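A quick write-up on the structure given underneath.
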2 protein chains.
Amino acid sequence: MSPHSTADLLTRRYATLGEHSPLFYREPLELVRGEGVWLTDATGRTYLDAYNNVPHVGHAHPAVADAVNRQLRTLNLHTRYLNHVVVDYAEALLETFADPLDRLFLVNSGSEANELALRVARQHTGHTGVLVSDFSYHGNTTSLAQLTTGLTVAEPLGDHVRALRIPDAAGLTDAEASVLCASALQEADQAIASLQAAGHGLSAVLFDPLFSTEGLLRPPQGYVEGLAARVRAAGGLVVADEVQSGFGRLGDVMWGHELFDLSPELVTLGKPMGNGHPVGGVVTTAELLDEFGRRNMYFNTFAGSPVSSAAAHAVLRVMDAEQLRPRARQNGEFIAARLEQLAREYPAVASVRGQGLFFGLTLVRPDGSAAPEAARALTERMREAGVLISKIGREDNVLKMRPPMVLERAEAELLLDRLAACLSALEPAA
Amino acid sequence: MSPHSTADLLTRRYATLGEHSPLFYREPLELVRGEGVWLTDATGRTYLDAYNNVPHVGHAHPAVADAVNRQLRTLNLHTRYLNHVVVDYAEALLETFADPLDRLFLVNSGSEANELALRVARQHTGHTGVLVSDFSYHGNTTSLAQLTTGLTVAEPLGDHVRALRIPDAAGLTDAEASVLCASALQEADQAIASLQAAGHGLSAVLFDPLFSTEGLLRPPQGYVEGLAARVRAAGGLVVADEVQSGFGRLGDVMWGHELFDLSPELVTLGKPMGNGHPVGGVVTTAELLDEFGRRNMYFNTFAGSPVSSAAAHAVLRVMDAEQLRPRARQNGEFIAARLEQLAREYPAVASVRGQGLFFGLTLVRPDGSAAPEAARALTERMREAGVLISKIGREDNVLKMRPPMVLERAEAELLLDRLAACLSALEPAA
């Protein structure tokens, strides 16, 4: 039991962080403890965490705590002095990337990573134009707010930004997907031409390879490659925002861009990188990193500290020791099969989304239109049933599930059983 | 001894982080361990750390490590669930601010803090213009690069930015200072008028109350207040960047803006806040925080996590338990007196700068011009003498010293003795 009431805590939070700092659920959930995929609330009740991807190797993993604790008692300092901890980590991380991605900028968050990637791209190309998806989010700074389309910001879309509707081939035949792909690439051509006509030119396309904020879209075969080819033909760079899709969550691949025949010039990292420790990165080529380094005195006080590096290195080591990527693949396949079964059983489930341990269900009304009210109700019901999930998508009708990577088969079964029960309570099975 | 050679480590660093990631000293210094104000290099040699302000309560402070370790083994999660740790910290931090500064945004770095403060100011005022000092640095994002004047960035100064020469009254009579103040405020009037004429208007003035990057300038009495009054008359907000001047380092005051008769609308925090843990903040009024929250869905994944909050709270607790602000005042007075003595003894020392535990010496040539070569040589000599310092200022001729707050009197004496010896080796005392 916590020594205060949740209502009092909420009042105190409002009086310090304000009333608009976002909280999940109709009645906010006060959490006090975590372990593996389990969370405990202030009343002692436990929840299966099927939402949080930041605690990548599990809540309160002792190996991460040990690494941070040891390093905090040894040395924590910026990178203007030499220290082997950051170099050891950089080598281990870069080993997971294919050539020519062999250099690393360390930062403190995904926002800082995307900021830096766009600075590199703008300076390299001499252009300012950016292509993004028309329902996406890449961070909370001014220039990222100017290209935010997936949540509310006061800044209007920048003059130098074009937002593309990412085509979704879920449920389409190959022939239909091919037509959709061609028309979406034509839209990209027009967007690039429009940036050029306006004098912005094109510096980069920035996208999450999983298109997760968009609702875990599945672009038609060849779309992403075609988009990248057009961007490069216009002199732009490809930036893969792997804040959500990276670090093996997709099971089959370590990095989301490996889903495609694609070598981005810049890959941005964040959320799961330090299991909650604030750390992010930009992986790029030696050419781009050196060019930027020559032109700018880039320094980031906290980034690359031995403690941040130790936390991030512990994540890679635990992933390896506990074989979390293969587990994500196996559990992901098991979960996908059961979700397909739910889609067959429940007319409200229009499609199964995602891959590995990032998955979702698209919910629709009997007339086929998006059912955000069902997604909202299911998220609340699942909480009552002891499982934490959320929702995403342009129409807010896609259940969003991305548990810590240490999810066990039995826990996956529990999640799916509860999901089936909540779907069933929402509407009887067909 | 470290298990690698420093030369090998440098090669490995170049091959991962590149050759341009900044390093101190002609021969980079490999550090392996810290405790209090002491650092140990890879050969086992110890150095008195008179440079690093980030390890505010001392290197490897056990209370910070304990707090982080305990919380990492309990829960580390974002603020969309309720948790008391962040609220406890927010209350403790906000208690150190005068009304009406009673709300807090938590972020991960000083860059994120300044980004957010400027978003708040732009949205509140409906204007984009910004005033900064003409030799300053506030962070590494795109919009902060556009107002960077104190280090090399490829981005040109933004059209919406005007850089003011901050007047320095060191060594002037009251009458001279008064004339200087009037002319500097006239420059501010012209800059504001120019922003208005160009259609940008004025959103904010952003400055470090200690003017530290500028070389620890001492503006004439009334200048900062006059500047703030002009900014407000033009509808702009005052943003105090307390990344360097905050958390009691100045001894007499907890926050640098308290040096003046001034209540900023926004105060930004970073470096020392978590003793090296990546955490920053923006302190503001309820009105500004709520207005921004209504207009924007602002969320920051890592910021305000229980671990970040526990690290930052431990810093406040240690400051209190070890009475670090009063110590900074007392040791600062002692150091200032000894520095004044050095200034009298050595013609190369033109002035003593700073306050509390952020202090410096301005070095000049016999003809009175700035002596960056002397600052460089002294920084290297001090390293050889076992003391770490650095240099700042428009002309790179100001020695920069800001040791961890736990500096003891005997350690201050050691620093000053070594400094006197190095000055003496550079030139015989007068």
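We did not get these values from a lab; they are worked out from the coordinates using the rules stated. Keep in mind the model is a prediction, meaning the values are calculated, not measured. Quick reminder, even Gly has a Cβ in these numbers, built from the backbone with ideal geometry, and neighbours come from all protein chains shown.
Structural remarks
- Chain B: most fluctuating residue of B:Leu262, B:Leu357, B:Leu118 per GNM, C-alpha cutoff 10 Å: B:Leu262
- Cα gyration tensor shape of chain B, rounded if a/c is under 1.5, else prolate or oblate by comparing a/b with b/c: oblate
- Peptide B:140-148, shielding by other chains (average Cβ, 10 Å cutoff): 6
- Within a Gaussian network of chain B (alpha carbon springs, distance under 10 Å), most fluctuating of B:Tyr25, B:Tyr223, B:Tyr346: B:Tyr25
- Spacing of the two label points (7 Å from each Cα toward its C-beta) at A:Asp367 and A:Glu95, in nm: 5.7 nm
- Modelled spin labels at A:Ala377 and B:Thr43, positioned 7 Å past Cα toward Cβ, are 7.4 nm from each other.
- Considering only the protein assembly as shown, percent of DSSP beta bridges that pair antiparallel, nearest 5: 65 percent
- C-alpha center-to-center spacing [region A:188-255, region B:21-92] in angstrom: 38 Å
- The 3J(HN,Hα) values that the Karplus relation (6.51, -1.76, 1.60; θ = phi - 60°) gives for region A:392-404 are, in residue order, 8, x, 3, 10, 6, 10, 10, 5, 10, 9, 7, x, x Hz. Gly and Pro appear as x.
- Largest to smallest principal axis extent of the C-alpha atoms in region A:208-323, angstrom: 41, 40, 23
- In this structure, the amide hydrogen of B:Ser390, modeled 1.01 Å from its nitrogen in the peptide plane, lies closer than 5 angstrom to those of B:Lys400, counting only residues at least 5 positions away or on a different chain.
- Percentage of interatomic Cα-Cα distances in region A:336-396 larger than 17 Å: 41 percent
- Vicinal HN-Hα couplings computed from phi for region A:47-64 (Karplus, 6.51 cos²θ - 1.76 cosθ + 1.60; Hz; Gly/Pro x): 10, 7, 8, 10, 10, 8, 8, 5, x, 4, 9, x, 4, 6, 5, x, 5, 6
- Choice from B:Gly270, B:Gly171, B:Gly222 with maximal GNM fluctuation in chain B (Cα, 10 Å cutoff): B:Gly171
- Antiparallel bridges, percent of DSSP beta bridges restricted to chain A (to nearest 5): 65 percent
- For region B:43-125: rounded, prolate or oblate by the Cα gyration tensor [a/c cutoff 1.5]: oblate
- Cα gyration tensor shape of region A:165-215, rounded if a/c is under 1.5, else prolate or oblate by comparing a/b with b/c: oblate
- Rounded to the nearest whole Hz, the Karplus-based 3J(HN,Hα) values (6.51 cos²θ - 1.76 cosθ + 1.60, θ = phi - 60°) of region A:418-425 follow the sequence 5, 5, 4, 5, 5, 4, 5, 5, with x at glycine and proline.
- With R₀ fixed at 30 Å, the C-beta to C-beta distance from B:Glu322 to A:Asp66 puts the FRET efficiency at about 0.65.
- Helical content alone sets the calculated 222 nm signal of chain B at -12500 deg cm²/dmol, taking -39,500 (n - 2.57) per DSSP H segment of four or more residues and averaging over every residue.
- Under 26 Å from the Cα of B:Lys400 - lysines, other chains or at least 8 residues apart: B:Lys271, B:Lys391
- Most positive-pole-ward Cα, B:Ala121, B:His78, B:Ala343, against dipole of chain B from beta carbon charges: B:His78
- Theoretical FRET efficiency, 1/(1+(r/R0)^6), r = Cβ-Cβ of A:Ala154 and A:Glu384, R0 30 Å, to 0.05: 0.30
- Radius of gyration and maximum dimension Dmax of the protein assembly as shown, Cα, Å: 27.2, 96
- Peptide A:105-114 has a mean of 6 when you count, residue by residue, the C-beta atoms of other protein chains within 10 Å of its C-beta.
- Base-10 log of normalised Debye intensity for region B:1-83 (one unit scatterer per alpha-carbon) at q = 0.11 Å⁻¹: -0.48
- From the alpha carbon centroid of region B:321-350 to that of region B:354-425 is 12 Å.
- Each copy carries a label point for A:Val179 at 7 Å from Cα along the beta-carbon vector; from one copy to the others these points are 8.3 nm apart, nearest first.
- Taking amide hydrogens as placed 1.01 Å from N in the peptide plane, the amide H of B:Ser109 sits under 5 Å from those of B:Gly280, each at least 5 positions away in sequence or on another chain.
- Those GluC sites (Glu not before Pro) in region B:52-142 that DSSP places in a loop and that have at most 14 other beta carbons within 10 Å: B:Glu95
- Label spacing, shortest first and in nm, from B:Gln190 to its equivalents in the remaining copies (7 angstrom along Cα→Cβ): 5.0
- B:Glu333 paired with B:Ala425, simple spin-label distance in nm, labels 7 Å along Cα-to-beta-carbon: 3.3 nm
- Built amide H within the under 5 Å cut-off of B:Gly246, gap 5+: B:Gly256
- Per-copy distances of the A:Thr43 label point, shortest first, in nm (7 angstrom along Cα→Cβ): 6.5
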